[in-house]
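Working notes, beginning with the structure itself.
What follows draws every value from the coordinates through simple rules; no lab data is involved. All figures in this text were calculated on a predicted structure; none of them were measured in a lab. Here the Cβ is made from the backbone with ideal geometry for all residues, glycine too, and neighbour counts use every protein chain on show.
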Amino acid sequence: MESITVFSAGSFQYALQELSDIFRQIHHVEIKAFCGPAGILRQQIEQGEKCDIFISANPENVFQLADSKTIYQKLTIAFNQLALTTLNLEQFRHKSIFELLFDCSLRLATSTPRSDPCGDYTWLLFDKIEQYFPSEGESLKRRALKLVGGTSSNIIPKGKIASRYLLSNGYADMMIGYSHYQVRSEFDLSESYASMNTDFNIGITNQVFLTYIFPVEFEVKAEYVMALLSNVESAVKFFQFLRSDIAKQIIKNHGFLLE
């Protein structure tokens, strides 16, 4: 069976798997997907690794790649936002997102800036927090445990959601990551909190985890861009498929935003 190679942001891997399965059934083309921190994947492509389509959670990686590789087409296919996750324990319940973040006794896990776009977006969030709460944003940068997405970050077993794994196994008390992982929770959502109070306490809960969405003033939107790096017919077809209405619905079903 013919195959093409896709390098994709790790946060897009579950959507990509479903999209690849459907494409394979229609066109009989195998998608060889390599998922991980987009910054590291970009470096591998720059160093000569074969890649037909690159999907990054940050447009900057595509811009940098254009300095050394031919990009035949590029397109934004999804957006994401940041969220704070904790275990569903009494010590975290009924607290605002900033009461949790500013509690220096709590260990905060993040992705790694420069290597992982989620880390870059998190540092942008800290800059916004610094504007509203002087010294707190810089404090968060110093306190953050960069446990995901770095060249030496190998704590998370393959196939595990970082926040779920790190919190369940005691590596951290809370984590900032992408909000779309809510839809992949291991447990059914039991109730939804909508604007609990003016202290920005917005959350979604299930049996094990609490997830807090940042208020609009602090919103940092992640932009997922795909780049076509090959003019091979099968790669072009898959690129076009990812632009289709069917693909958009699948991407949306995985918790991503389309605008």
- Kirkwood estimate for the chain, i.e. one over the average of 1/r between Cα atoms, Å: 19.0 Å
- Check each of the GluC sites (Glu not before Pro) in the range 30-106 and keep only those in coil by DSSP with at most 15 other C-beta atoms within 10 angstrom; list them in order. GLU49, GLU90
- According to the Cα gyration tensor, what semi-axes, each the square root of 5 times an eigenvalue, does the equivalent ellipsoid of the range 1-95 have, listed from largest to smallest in whole Å? 30, 19, 11
- With springs only between Cα atoms under 10 Å apart, run a GNM on the chain and tell me which of SER20, SER135, SER152 wobbles the most. SER152
- SER68 and HIS94 label points (each 7 Å along its Cα→Cβ direction) are spaced in nm at 5.5 nm
- Estimated FRET transfer efficiency when R0 is 22 angstrom, pair GLU130-THR151 (beta carbons, to 0.05): 0.20
- Item | Choice from ASN61, ASN88, ASN80 showing the highest fluctuation, given a GNM over the chain with Cα pairs closer than 10 Å | ASN88
- Dipole check, the chain, charges on Cβ (K,R +1; D,E -1), about Cα centroid: among TRP123, VAL183, GLY39 the Cα furthest to the positive pole belongs to GLY39
- Neighbour-limited loop hits for trypsin sites (Lys or Arg not before Pro), the range 1-61 (at most 15 other Cβ within 10 Å; DSSP other than H, G, I, E, B): LYS50
- Note on the structure: If one builds a Gaussian network model of the chain from Cα atoms under 10 Å apart, the most fluctuating residue listed among THR112, THR122, THR70 is THR70
- Query: Tilt of helix 13-27 relative to the longest C-alpha principal axis of the chain, in degrees (0 to 90, nearest 10)?
  - Reply: 30 degrees
